[in-house]
Amino acid sequence: MYKSYPNTEFIGQKIIYLPSCHSTNDLAADYLREEAPEGLLIITDEQTGGRGQRGSSWVANVGENLTFSFILRPVFLQAPQQFRLSIAIALGVHDFLSHLLGEGVRIKWPNDLYYRDQKLTGILIENSLMGSTLTGAVVGIGVNINQLQFSIPTATSVRQVTGREFQLEKLLNQLCVNLETRYLQLRKGDHLQQRQEYLQRLYRYQTWHPYQDTTGKVFAGKISGIADNGQLEVETESGIRYFGIKEISFLQQ
């Protein structure tokens, strides 16, 4: 399984397939420390300990979705620029999903992918620093492809949206192309263009919706931008507020 190679320079040119593992991000981190080549990709049918942002879990049915991690060496980025990598990866996944699903795909800050109001994809990026330089990154991605039933109503899959079943290896190859294209754009210095595209594709951008902060207070807000450090900029009735990961909850109206 996963024996063909995508039309890329490095992402996915070497693939390690495991029927089951605890966490592809953990394994990729080991390979990163062992100086494995950039683009090495680890994919599995089943993660027993998959992780999301800030300790949340990622659960998917066995063999029905894409669950993988790959390593990058973005030494052209400094520590304060880490969110630029998150933007590039989110755009790559957005390109991939938009080709399959059309206009309904949005990036939910910081880098989940949604179709309308339901989650399609989770992304977890874990960076390694040496001084102020980003020496390595493990990018973990879980995409709901063929799964039809979920334990939470806010999740969906490509198959649920389209009514079609997909061949996972073919989709992985295309996703690798989309990810590498966006990464190479970032490496060339196109971060300002990518930032603008990210905002244009951002879920709930420039529209008023209910939110909740860590104190439990519910408030109306309008996402108005992204700070350089990746914090979410939200316009409220009392002024602009900034939020880090897990500091704001998106509520449904």
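Taking 23 Å as the limit for the C-alpha separation, the pairs LYS14/LYS170; LYS217/LYS246; LYS119/LYS188 exceed it in the case of LYS119/LYS188.
For ILE16, the residues whose amide H sits under 5 Å from its own are LEU41, ILE42, ILE43, ignoring neighbours fewer than 5 places away on the same chain, with H placed 1.01 Å from N. The phi torsions of region 173-180, fed into the Karplus equation with coefficients 6.51, -1.76 and 1.60 and a -60° offset, translate into couplings of 4, 5, 5, 4, 4, 4, 5, 5 Hz, rounded to whole numbers, with Gly and Pro shown as x.
Loop-only GluC sites (Glu not before Pro) in region 130-203, please: DSSP not H, G, I, E or B, and at most 15 other Cβ atoms within 10 Å. Provide the component values of the computation, followed by the final result.
Working: sites: GLU165, GLU169, GLU180, GLU197; in loops: GLU165.
Here the GluC sites (Glu not before Pro) that fit, given the DSSP loop and packing criteria, are GLU165.
Over region 1-109, what is the mean sequence separation of C-alpha contacts under 8 Å (at least six apart), divided by residue count, expressed as relative contact order in percent? Can you show the working numbers first?
Working: 133 pairs, mean separation 24.4, N = 109.
So the answer I get is 22 percent.
Considering only protein heavy atoms and a probe of 1.4 Å, how much of the accessible area of the chain is carbon and sulfur, as a whole percent?
Values: 5570 of 11890 Å².
Here it works out to 47 percent.
Computed over region 154-253, relative contact order equals 17 percent, with contacts defined as Cα pairs under 8 Å that lie 6+ residues apart.
Distance between the pseudo-spin-label points of GLN174 and GLN149 (7 Å out from Cα toward the beta carbon): 2.8 nm. Using θ = phi - 60° in the Karplus curve 6.51 cos²θ - 1.76 cosθ + 1.60, the 3J(HN,Hα) couplings for region 206-215 round to 6, 10, 7, 8, x, 9, 9, 9, 5, 7 Hz; x is entered for Gly and Pro.
When only the heavy atoms of the protein chains count and the probe is 1.4 Å, how do TRP208, TRP109 rank by accessible area, highest first? Before the final figure, lay out the partial values.
Working: TRP208 115, TRP109 15 Å².
Most to least solvent-accessible, the answer reads TRP208, TRP109.
Between TRP208 and ASP190, the contour length at 0.36 nm per residue exceeds the Cα-Cα span by 3.5 nm. For ILE223, the amide hydrogen comes within under 5 Å of the amide hydrogens of GLN206, THR207, GLU235, counting only partners 5 or more places away or on other chains and with H modelled in the peptide plane.
The values are calculated or read from the model by the stated rules, or taken from the named source; none is laboratory data. Note that this is a predicted model, so its numbers are computed, not measured. Cβ: placed from backbone, ideal geometry, glycine included. Neighbour counts: every protein chain shown. These accessible areas exclude ligands, DNA and RNA; they are computed on the full protein's heavy atoms, side chains included. Shrake-Rupley method; radii C 1.70, N 1.55, O 1.52, S 1.80 Å.
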